[in-house]
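What follows is one structure encoded as structure tokens, with my remarks underneath.
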Ligand code: BUP
């Protein structure tokens, strides 16, 4: 008797960093015969989420949509805490094969559900963003890409130091700049944040964009030779998939654990002295120097390329990721 593919409900939590992998997973499961219901919150936190959700449902009419309304809630003011955000406790150890093995063999807790290591995830069709023809005119491996993800906005002073650093590095650059955590509040013009003279001096060497870009497509572009990243998990897996060296500059949450994975995997370097979030202002000279070193480090580039090959093997037809995904689907068949 043939068993029926499962019906799976997928509930992404808020923010593009959560929505992106869930939409990719939904598309991957649907293309393997599963019935999918995607449950999304209304309103979304950012405009990027609404745009991507609408585009996703237009491209995948067979995926069911359920919306739930978020009721406004004013949380009580929390009592003062003695823990500082610069504390170096790590909650999550880097996810590596021994860790997954320990979790799945009851060595951590006996009652945990199985953990299935799936990824890197395929981008789904119609992920939104403008084309950047400028990149096509740059030579192979010459451009450093800078992005701190969808919700990290650095201080104005740090942004100016970063600009200074990019200028000092003398590398070509593509910088996705955010000045506010939520995109709907991000209304400042570039000229209000960066000096006009910086934009003028670097106009033939770099571009700064404030709108949403197709990051996966950028990282896949042969002109990209390095990535200055906050190490959101999606960014790390995307850099790994395309074998792009990373200069890790983690800011909050799990990003420090992710930076450690980047370093241990040989995908990049992490300058620990740059600190954590707003701990210290990192000067342009230091940034420029590290960017220049990353972009000219042939050994790092070749290690990152190897990581990319391993990631592509994991995600290929008979790779470990595909096997894990099919294992999940098989286990849920009725
Ligand atoms: Br910004 C930006 N285009 O312009 P992370 C981000 N992305 O495609 P985060 C774009 O959003 P958390 C843009 O490729 C990645 O898939 C990017 O996720 C994409 O960081 C995703 O890297 C960003 O995990 O979320 O947004 O800080 O920290 O919650 O993982």
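The values are calculated or read from the model by the stated rules, or taken from the named source; none is laboratory data. Since this is a predicted model, take the numbers as computed values, not measurements. Heads up, the Cβs are rebuilt from the backbone with ideal geometry, glycines too, and the neighbour counts pull from every protein chain shown.
Here are the numbers for the structure shown:
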read-out	value
In segment 216-236, the residues that are within 21 Å of residue 139 (Cα to Cα) and within 12 Å of the ligand (Cβ to nearest atom)	216, 217, 218, 219, 220, 227
Yes/no for residue 76 being in a loop (DSSP other than H, G, I, E, B) and either within 15 Å of the ligand (Cβ to nearest atom) or farther than 30 Å from residue 185 by Cα (or both)	no
Residue in segment 168-176 that is in a loop (DSSP other than H, G, I, E, B), away from the ligand (no atom under 16 Å from the Cβ) and buried (at least 18 other Cβ atoms within 10 Å of the Cβ) present	yes
Criterion (surrounded by fewer than 19 Cβ atoms within 10 Å (Cβ to Cβ), over 20 Å from the mean Cα position of the chain (by Cα) and in a helix (DSSP H, G or I)) met by exactly one of 322, 309, 279	322
Any hit, segment 249-260, residues being part of a helix (DSSP H, G or I), in contact with a helix residue (DSSP H, G or I) (Cβ under 6 Å, 6 or more places away or on another chain) and within 27 Å of residue 154 (Cβ to Cβ)	yes
Test result for residue 203, modelled with pLDDT of 90 or more, at negative phi and surrounded by fewer than 20 Cβ atoms within 10 Å (Cβ to Cβ)	yes
Test: residue in segment 59-67 that is surrounded by 18 or more Cβ atoms within 10 Å (Cβ to Cβ) and over 24 Å from the mean Cα position of the chain (by Cα)	yes
Meets criteria (within 16 Å of the ligand (Cβ to nearest atom) and in contact (Cβ under 8 Å) with a residue 60 or more places away in the chain) for residue 155	no
Pick from segment 130-151, criterion within 15 Å of the ligand (Cβ to nearest atom) and surrounded by fewer than 16 Cβ atoms within 10 Å (Cβ to Cβ), ranking: modelled with the lowest pLDDT	130
Members of segment 4-27 that are over 22 Å from residue 70 (Cβ atoms), away from the ligand (no atom under 11 Å from the Cβ) and buried (at least 19 other Cβ atoms within 10 Å of the Cβ)	25, 27
Those residues of segment 28-53 which are surrounded by fewer than 14 Cβ atoms within 10 Å (Cβ to Cβ) and closer than 30 Å to residue 317 by Cβ, in sequence order	31, 32, 33
Which numbered condition residue 213 misses (of (1) at pLDDT 95 or above; (2) more than 26 Å from residue 321 (Cα to Cα); (3) under 13 Å from the mean Cα position of the chain (by Cα))	(1)
Residue identified as away from the ligand (no atom under 16 Å from the Cβ) and either within 22 Å of residue 214 (Cα to Cα) or crowded, with 17+ Cβ neighbours inside 10 Å (or both) among 239, 248, 314, 259	314
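Yes/no per residue for (1) touching a strand residue (DSSP E or B) at 6+ places or on another chain (Cβ under 7 Å); (2) modelled with pLDDT under 95; (3) farther than 26 Å from residue 6 by Cα:
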{"site": "24", "(1), (2), (3)": "no, yes, no"}
{"site": "43", "(1), (2), (3)": "no, yes, yes"}
{"site": "55", "(1), (2), (3)": "no, yes, no"}
{"site": "60", "(1), (2), (3)": "no, yes, no"}
{"site": "65", "(1), (2), (3)": "yes, no, no"}
